[in-house]
Amino acid sequence: MRLFPLFAASAAIVLIAGCKTAPSSAPVAAGGSAAPSAPGSQVSPRQPTPSPATKAASTKAHLAIEKLRLAELFRGTPVLFALQPDGSMRVDVPLNFSFDAGKAVVKPPLAAVLDRVAAGQLQEVTQIVVRAPTDAAAKSATLLGERGASVRDYLVARGLAETRVIVSGSSGAAVVRLVVTDMPAP
């Protein structure tokens, strides 16, 4: 009598497992049986090409999730993550955590943010606009360009294509600003 519950549970598991098998990819003939296929031929289903609106919606959804993930990772730090009205994600890292005065070498706190942003965007169809400020006292356009290039080079070294990272002048504030957006159509 004690074996019946064990047998019933085993039968249920086998039934459920049987339901999870992958459907055959062979074409079905009119009678409902699988049509014979030529040896070595493979029938592949056509994937619909997503529309630009669908791609944009997918990117916006990804960036919303990414913003939540990154904000949780950097909770308690002065790094800010925000979704923009256009669906892009803005990342602000205070200048004193990004570069030493008069230097263009990425500091470890900025590097930690860049590592996470790059990892999250590797498989996505996005671009990253970089805006890096100069020092308040220096106001040097050369330093501004060097800092932007340093951030770009750091992201490229983490696997992002150089064409996906655009350096665009100063942030206008004492922060390094990254704006992650949908890749524009060619």
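In summary, Lys103 fulfils each of the numbered conditions (1) in contact (Cβ under 8 Å) with a residue 12 or more places away in the chain; (2) part of a loop (DSSP other than H, G, I, E, B); (3) over 19 Å from the mean Cα position of the chain (by Cα) with the single exception of condition (1). Can you find a residue that is more than 18 Å from the chain's Cα centre (by Cα), crowded, with 17+ Cβ neighbours inside 10 Å and in contact (Cβ under 8 Å) with a residue 60 or more places away in the chain anywhere in segment 153-173? Yes, the conditions are met somewhere in segment 153-173.
Which residue, of Val179, Val106, is among the β-branched types (Val, Ile, Thr), surrounded by 13 or more Cβ atoms within 10 Å (Cβ to Cβ) and touching a Phe, Trp or Tyr at 6+ places or on another chain (Cβ under 7 Å)?
Exactly one of Val179, Val106 is among the β-branched types (Val, Ile, Thr), surrounded by 13 or more Cβ atoms within 10 Å (Cβ to Cβ) and touching a Phe, Trp or Tyr at 6+ places or on another chain (Cβ under 7 Å), namely Val106.
Out of segment 167-186, which residues are part of a strand (DSSP E or B) and either of a type in the set (Asp, Glu) or in contact with a helix residue (DSSP H, G or I) (Cβ under 7 Å, 6 or more places away or on another chain) (or both)? Listed by number, the residues that qualify are Val167, Val175, Val176, Leu178, Val180, Asp182. Filtering Pro186, Pro78 for residues that are under 20 Å from Ala56 (Cα atoms) and surrounded by fewer than 19 Cβ atoms within 10 Å (Cβ to Cβ) leaves a single hit, Pro186.
Scan segment 145-162 and tell me whether some residue there is over 24 Å from Thr59 (Cβ atoms) and modelled with pLDDT under 90. Yes: one or more hits. Restricting attention to segment 61-74, does a residue exist that is modelled with pLDDT of 90 or more and not in a helix (DSSP H, G or I)? Yes, segment 61-74 has at least one match.
Evaluate the following for Ser150: is it of a type in the set (S, T, N, Q), in a loop (DSSP other than H, G, I, E, B) and either farther than 30 Å from Thr54 by Cα or touching a residue at least 12 places away in the same chain (Cβ under 8 Å) (or both)?
Working: of a type in the set (S, T, N, Q): yes; in a loop (DSSP other than H, G, I, E, B): no; either farther than 30 Å from Thr54 by Cα or touching a residue at least 12 places away in the same chain (Cβ under 8 Å) (or both): yes.
For Ser150, the condition - of a type in the set (S, T, N, Q), in a loop (DSSP other than H, G, I, E, B) and either farther than 30 Å from Thr54 by Cα or touching a residue at least 12 places away in the same chain (Cβ under 8 Å) (or both) - is not met.
The set of residues in segment 127-141 that are crowded, with 21+ Cβ neighbours inside 10 Å and either of a type outside the set (Val, Ile, Thr) or under 10 Å from the mean Cα position of the chain (by Cα) (or both) comprises Arg131, Ala132, Pro133.
The values are calculated or read from the model by the stated rules, or taken from the named source; none is laboratory data. Just so we're clear, the structure is a prediction, and the values are computed from it rather than from any experiment. We place every Cβ from the backbone using ideal geometry, glycine too, and count neighbours over all the protein chains shown.
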